[in-house]
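See structure below.
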Amino acid sequence: MRNRWLGFVVAAVALALGVWAWPRLPARVPTHWNIHGVPDGYSSRLVAVLLMPGIVLALNGLFRILPLLDPRRVNYEKFQDTYWLIANALVLFLLGVHALVIANGLGYPVAMARLMPVGIGLLFIVLGNSLARVQPTWFVGIRTPWTLSSDTVWRKTHRTGGFTFVIAGGVMITAAFVSGALVWVLLAAAAVLAVAVPVVQSYVLWRREQHEKP
């Protein structure tokens, strides 16, 4: 999971899967579903096959470039394994989405309304378990004006963010097994847990730090 070349392997696998499925895919392939699992967006067969491998390649390239552009580039060496774990978790998630799209296009019954929340939830859990090890940077982590201005606020916020991301991931997985309006309630709660709580905490911690300065 920490191999920096895994992204290229994932892109190759995604492309191979699309090429293998090409002769049996319809001209228009469902590529987006609503919360009820009903297709509401379609793409051409070419886009369905090439889009995700292209995104994976682009992401892998971006993750290689970001440390070179970051003014705090020296910090990347302090969490290099975690950095590539995050990158690889994202591309593996995209490979899973690509596989589901191809399987659906081939006519296999794919319960997108259940599988997607599970996949996103698992991704959030992996990211949550990684956040506490992310060092202050401009491009990776919970970047607010307050975390970027104080390494202490950064560390405390990321410890909280790691916890809230894991809980949010569990809530998202739970949402996959319920129906009706409760799905929206659970997804909204997950979003608040994952994002709003750490952001608010970063501001509160920063304000406290300013008051404590002599």
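A few points about this structure:
- Failed item in (1) in contact with a Leu (Cβ under 9 Å, 6 or more places away or on another chain); (2) assigned to a helix (DSSP H, G or I), with V178 passing the rest: (2)
Residue-wise test of (1) polar (S, T, N, Q); (2) farther than 30 Å from N34 by Cβ; (3) modelled with pLDDT under 95.
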{"position": "G105", "(1), (2), (3)": "no, no, yes"}
{"position": "Y108", "(1), (2), (3)": "no, no, yes"}
{"position": "M112", "(1), (2), (3)": "no, no, yes"}
{"position": "P117", "(1), (2), (3)": "no, no, yes"}
{"position": "G121", "(1), (2), (3)": "no, no, yes"}
{"position": "V126", "(1), (2), (3)": "no, no, no"}
{"position": "R133", "(1), (2), (3)": "no, yes, no"}
{"position": "R143", "(1), (2), (3)": "no, yes, yes"}
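- Count of residues meeting criterion [in contact with a helix residue (DSSP H, G or I) (Cβ under 7 Å, 6 or more places away or on another chain), of a type outside the set (A, V, I, L, M, F, W, C) and without any contact (Cβ under 8 Å) to a residue 40 or more places away in the chain] in segment 1-31: 0
- Scope segment 164-187; condition of a type in the set (F, W, Y) and within 18 Å of R143 (Cβ to Cβ); matching residues: F165
Here is a yes/no grid of residues against (1) part of a loop (DSSP other than H, G, I, E, B); (2) of a type in the set (G, A, S):
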site: R114; (1), (2): no, no
site: T137; (1), (2): yes, no
site: W146; (1), (2): no, no
site: R155; (1), (2): no, no
site: A188; (1), (2): no, yes
site: V199; (1), (2): no, no
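- Per the listing A14, A58, the residue uniquely closer than 24 Å to I86 by Cα and surrounded by fewer than 17 Cβ atoms within 10 Å (Cβ to Cβ) is A58.
- Taken together, L94, L100 contain a single residue that is out of contact with any Pro (no Cβ under 8 Å at 6 or more places or on another chain), in contact (Cβ under 8 Å) with a residue 60 or more places away in the chain and not charged (D, E, K, R), which is L94.
The values are calculated or read from the model by the stated rules, or taken from the named source; none is laboratory data. For clarity, every value in this text was computed on a predicted model and none was experimentally measured. All Cβ positions, glycine included, derive from the backbone under ideal geometry; neighbour counts span all protein chains shown.
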